[in-house]
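For reference, the structure is listed below as structure tokens.
The values are calculated or read from the model by the stated rules, or taken from the named source; none is laboratory data. Predicted, not measured: the structure shown is a model, and the values here were computed from it. We place every Cβ from the backbone using ideal geometry, glycine too, and count neighbours over all the protein chains shown.
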Amino acid sequence: MPLKETLRWYLKSILNSYSQVFFSDNRAFAVILLVITFVDFYTGLFGLVAVLVTTAMAHWIGFEKFRISQGYYGFNSLLVGLGMGIYFEPGLLLILMVVLAGVFTLFLSVSLEGVIGKYELPHLSLPFVFSLWAIMLASREFHALGLNERGIYTFNDLYLLGGPSLVSLYEWWLQLPIPPSLRTYFLSLGAIFFQFNILTGMLVAAGLLIYSRIAFTLSLLGFFTAYLFYTLIGATLTEVSYSYIGFNYILSAIAIGGYFIIPNRSSYLWVVLLIPLVAILTISLSGIMSVYQLPIYSLPFNIMALLFLYVLKFRMHNRTHLNTLFVQQNAPEKNLYAFVNFMERFGKDPEVPLALPFFGEWTVTQGHEGEYTHKADWKHAWDFEITDEDGKTFSGNGDLLKDYYCYDKAILAPDDGIIETVVDGIEDNTVSERNLEQNWGNTIIIKHHEQLFTKLCHLKPGSIEVSQGDKIRKGDTLARCGNSGHSPFPHLHFQVQQTPYIGSRTLDYPISHYMLRQAGKSSLKTVCSPEKGDRVSNIQSHPALKKAFNFILGERIQLSVESLHPYETVWDIKLDPWQHKFIECRQSGCKAYFRHDGAMLYFTHFEGRRDSLLYYLFLGAFRVCMGHYHDLELTDTYPVNKIFPGRKRILQDFIAPFFRYMGGDFHIRTISEKESFSESRLLLLAQAHSRVFKKKSLLARLEFRIDNSGLTGFTIENKQETIQVTCSKK
């Protein structure tokens, strides 16, 4: 990397090592924590040295740069360095010991990541605990390493620094009428960074509030639940002893209630239930470790958090409504809003997105709980036929198989899979006759996933193009529609089942998305089961729309912007380490993440400035259908934190786990300007609204212009200006 970029990366890694103590990557919070560690200068200095050593060593060895930059390795070394700075006298020997401790802590972090990381569990602050224990035990033989005497004679130290005025200020501060429990809360926050004073705790609390309202609320809930439990059981409780173990309850509450678990009513309830167990662990472990004259540090928090997260992995049902994360965004609010929005948009999506197994428009002539054959264990099935505008399924008199519109039409694979079973050679029935001995007729069964199969029946003999064991892709032609088996008229029987047998019971499983035509108007149905009489078809991708919104890896989009301040920029299509596709703006560094399944484009996440061009693309193309249906209208909802800036949602953040009154609404429709065999001109009109309770406010209007070459440009109308954008892909 260039020197400037390298320095920026190191700065980010160092700052995140501070904020990661509270599971955060907030820069403002990190700066506050960095400053408070220097309340005792030497403590802060050795903490910083430990972080620098660990970051440089991790980079030199070649560990993953993203994890280093997020502070995942540095925060444990920071705590070790702070602990050594507070316990020992400063000097060259201590610098050497801090360097060695930083390297050792890094090795522990990476090793624990490998050992418990395979269970998808975090190493938390275990490396800090084990490393500092090792240093403290060994230091009993280090006679040249003196113990720190700073803080023993506080008034003398203050007098030397600032004279009698500083001593008077300190005395005034100590006499502030702060309730004992709240005072201990602040002391516990400061003690996380080995700073035993109320001011430090107040600054940490302020930083915690800036970083996350949910984390701040959980810190209070965890601390005061434990404080009350200590009082109820009559345990010995002193300000000094409690403050050095109180942070276990604060960190446990944040981790369990809102960081590793999506914050909601259940997570808060579990904090109240588990904190007494953390207290019992704290008391018992303190007794054990006192034999070795070692503090327990954050060991109780580590044990309980890891136990709880591990136990949740064995659930068969989520009756407790404790939801683990899809993607960690390092803030409880962001995790919550992203999860809620994901569940609203994709929560019902089946694991295997099945499509309709045919071309064109077909009609459901018998649905679930059918009138004739779809009964009991076989009730979740469909019969499909092709009908004309009058509802007839055949032309002429319908005496011959070829009179039926669906006869001999191609039958397609509803999704990728492996051919499990093929039955062929059963003759088609003449019209109105049935073959009751070979009920299902010519049949194909496809395995899509463990315990997920589809069955297609009554196929035309000799038309099957696949064999048992063949791998197939969604949309591949499998066979032709026929009239074999228990079938008086040509039709396709289609069902989903959990087992691979011909007579397996059916499974109530939806079609991922399809078009429904009613009264001449098409509507998009998502994760639904077609009903009797429905005229349905798969989404047929329009070439111009596909060119416009099918963003290909490595592709560049050149944009020219006409606004109050004209400029040009470039967007690149990239892939992150987790195989998520995103668009990145070279000028602003903004990123817009998306998913594309061939029929639909969805934007899922945005990072960067809200006044950027890419943000408006995120708003305007939030959900786009690749099929062209005149006046098709789609709606969707935005994540709250992508619509409202932090300052406007402070109250919402506090109550978000229980009630959400803010939101964002998306609407888009397609209009044809010109449509012919050789030329297409389409307009997509989108609107983005913010919503508080039921009151909506327009954020932006967007108009996307599309022709045969794809997306040629778009117009943005917001409250400040109208922006014209022309673009081309390269």
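What do you reckon, is Gly85 part of a loop (DSSP other than H, G, I, E, B), surrounded by 24 or more Cβ atoms within 10 Å (Cβ to Cβ) and touching a Leu at 6+ places or on another chain (Cβ under 9 Å)? Here the answer is no, as Gly85 does not meet what is asked.
Taken over region 578-601, the criterion of being hydrophobic (A, V, I, L, M, F, W, C), farther than 27 Å from Ile539 by Cβ and not in a loop (DSSP other than H, G, I, E, B) is satisfied by Cys585 alone. When region 449-466 is filtered for residues that are farther than 23 Å from His486 by Cα and of a type in the set (Ser, Thr, Tyr), nothing remains.
Looking only at region 92-101, decide whether some residue is in contact with a helix residue (DSSP H, G or I) (Cβ under 7 Å, 6 or more places away or on another chain), closer than 28 Å to Gln329 by Cα and either crowded, with 24+ Cβ neighbours inside 10 Å or not hydroxyl-bearing (Ser, Thr, Tyr) (or both). So far as region 92-101 goes, no, none of its residues is in contact with a helix residue (DSSP H, G or I) (Cβ under 7 Å, 6 or more places away or on another chain), closer than 28 Å to Gln329 by Cα and either crowded, with 24+ Cβ neighbours inside 10 Å or not hydroxyl-bearing (Ser, Thr, Tyr) (or both). On the stretch given as region 300-325, residues that are assigned to a helix (DSSP H, G or I) and surrounded by 13 or more Cβ atoms within 10 Å (Cβ to Cβ) total 12.
Here Val423 meets the list (1) modelled with pLDDT of 95 or more; (2) under 24 Å from Asn538 (Cβ atoms) almost entirely, failing just condition (2). Of a type in the set (Lys, Arg) and outside the structural domain of Ser267 (by TED's automatic domain parsing): does that describe Lys375? So Lys375 passes the test. Taking first residues from region 91-107 that are closer than 11 Å to Leu145 by Cα and partners that are surrounded by 24 or more Cβ atoms within 10 Å (Cβ to Cβ), the Cβ contacts under 7 Å between residues at least 6 apart in sequence or on separate chains come to Leu94/Phe46; Leu94/Met84; Met97/Met84. Of everything listed in (1) touching a strand residue (DSSP E or B) at 6+ places or on another chain (Cβ under 7 Å); (2) buried (at least 18 other Cβ atoms within 10 Å of the Cβ), the single unmet condition for Lys379 is (2). Would you check if there is a residue in region 326-349 being more than 27 Å from Pro510 (Cα to Cα), hydrophobic (A, V, I, L, M, F, W, C), in a loop (DSSP other than H, G, I, E, B) and touching a residue at least 24 places away in the same chain (Cβ under 8 Å)? For region 326-349, residues more than 27 Å from Pro510 (Cα to Cα), hydrophobic (A, V, I, L, M, F, W, C), in a loop (DSSP other than H, G, I, E, B) and touching a residue at least 24 places away in the same chain (Cβ under 8 Å): present. Taking only pairs six or more apart or across chains, which ones have beta-carbon atoms under 8 Å, a first residue in region 427-443 that is under 16 Å from Ser463 (Cβ atoms), and a second residue that is part of a loop (DSSP other than H, G, I, E, B) and aliphatic (A, V, I, L, M)? Close Cβ pairs satisfying both conditions: Trp440/Ile502; Gly441/Ile426; Asn442/Ile426; Asn442/Ile464; Thr443/Ile502. In region 83-108, the residue that is farthest from the chain's Cα centre (by Cα) out of those that are under 16 Å from Tyr18 (Cα atoms) and modelled with pLDDT of 95 or more is Gly102. Here's a check for you: in region 521-565, which residue that is β-branched (Val, Ile, Thr) and in a loop (DSSP other than H, G, I, E, B) is nearest to Pro353 (Cα to Cα)? Step by step, filter region 521-565, then rank; the result is Ile539. In this structure, Gln438 does satisfy being out of contact with any helix residue (DSSP H, G or I) (no Cβ under 6 Å at 6 or more places or on another chain) and over 20 Å from Asp415 (Cβ atoms).
For region 470-478, state whether one or more residues are within 19 Å of Ile386 (Cα to Cα), of a type in the set (Ser, Thr, Tyr) and touching a residue at least 24 places away in the same chain (Cβ under 8 Å). Yes, region 470-478 contains at least one residue that is within 19 Å of Ile386 (Cα to Cα), of a type in the set (Ser, Thr, Tyr) and touching a residue at least 24 places away in the same chain (Cβ under 8 Å). Checked against (1) within 20 Å of Val496 (Cα to Cα); (2) surrounded by 15 or more Cβ atoms within 10 Å (Cβ to Cβ), Lys460 meets all criteria but (1). The set of residues from region 602-622 being assigned to a strand (DSSP E or B) and either free of Cβ contacts under 8 Å to residues at least 60 places away in the same chain or hydrophobic (A, V, I, L, M, F, W, C) (or both) comprises Phe603, Phe606, Glu607. Of all residues in region 134-147, exactly one satisfies the criterion of being at pLDDT 90 or above and crowded, with 18+ Cβ neighbours inside 10 Å, namely Ile135.
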